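Every number here is computed from the coordinates shown, using simple stated rules; none is lab data. All figures in this text were calculated on a predicted structure; none of them were measured in a lab.
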Ligand code: 0L1
Ligand code: MG
């Protein structure tokens, strides 16, 4: 186990990198013995710092849930993080590139929960029963690590690269809908750049939400009613720069978009 002072120091470093839009080397370079509990302890300390400044927790995310993402990042299991009000961009709104290091976008199915979801023992059925509706979601990821080079423990500490997200305004009920075959098209500057369907995420995106609830349950936490949950990028992440307009179409749920300025 890492010392509390080391955890606090690492959280401070990652927090300052995000605030100042500057990168750092991955923390396992200096702490090769960091374990999974340490990694999530740094993430917790980071969240604690942000909430002490007044941020509000609005949701959670699962990351690296598709084979495309796992292959892109050279890792082999999902990771979990949190979403704050400061991460939210309004639908069609602007995202300032000067506040970020090297942003990329991912097409996601966002779950909005009508009921609390608490592990252990969550499965697809429990997730669908607790889900009010899903929305089209675009996650903007921005690793605080140089050149997006990290291992799983470093990326967990860095809140799984969470930076910004936007969701659409057309809710899609999950009852009677097969989210595995629900398609997405991600467009950059009016051109389609990535396509996929929900099954790209662990066979069914609700599986990612169940894994997240079970992960939180093991730590004494749950997914509260009203949470938004990003279930993971359906395709590889796409790099963006100032001037780009990104739009995601989710079959049956309209679209959502944002402009990088
Ligand atoms: O949401 C994600 O899939 C990102 C997880 C962290 C890895 C990355 O920065 O791509
Ligand atoms: Mg993501």
Q) Among 28, 235, 65, which one moves the most in a GNM of the chain with springs linking Cα atoms closer than 10 Å? A) 28
Q | GNM result for the chain, Cα springs below 10 Å: residue of 243, 198, 232 fluctuating most strongly | A | 243
(Q) Ignoring everything except DSSP H segments at least 4 long, calculate the 222 nm mean residue ellipticity for the chain; use -39,500 (n - 2.57) per segment, divide by total residues, nearest 500. (A) -8000 deg cm²/dmol
Q: Sort the stretch 26-108 into rounded, prolate or oblate with this rule: let a ≥ b ≥ c be the square roots of the eigenvalues of the Cα gyration tensor; rounded if a/c is under 1.5, and if a/c is not under 1.5, prolate when a/b is larger than b/c, oblate otherwise.
A: oblate
Q: Would you please state the base-10 log of I(q)/I(0) at q = 0.11, 0.14, 0.18 1/Å for the stretch 37-182, with intensities from the Debye formula using one equal scatterer on every alpha carbon?
A: -0.45, -0.75, -1.27
Q) With the calculation restricted to Cα positions, what are the radius of gyration and Dmax of the stretch 121-243 in angstrom? A) 15.4, 45
Q: For the chain, just say rounded, prolate or oblate: build the C-alpha gyration tensor, square-root its eigenvalues into a ≥ b ≥ c, call rounded for a/c under 1.5, and beyond that prolate if a/b exceeds b/c, oblate if not.
A: oblate
Q. Could you state the number of Å between the C-alpha centres of the stretch 216-256 and the stretch 68-95?
A. 6 Å
Q) GNM, the chain, Cα, under 10 Å: largest mean-square fluctuation among 96, 118, 249? A) 96
Q | Beta bridge orientation in the chain: antiparallel %, DSSP, nearest 5 | A | 85 percent
Q: Mind running the shape call on the stretch 84-154? Use the C-alpha gyration tensor, a ≥ b ≥ c as the square roots of the eigenvalues: rounded below 1.5 for a/c, prolate if a/b tops b/c, oblate otherwise.
A: oblate
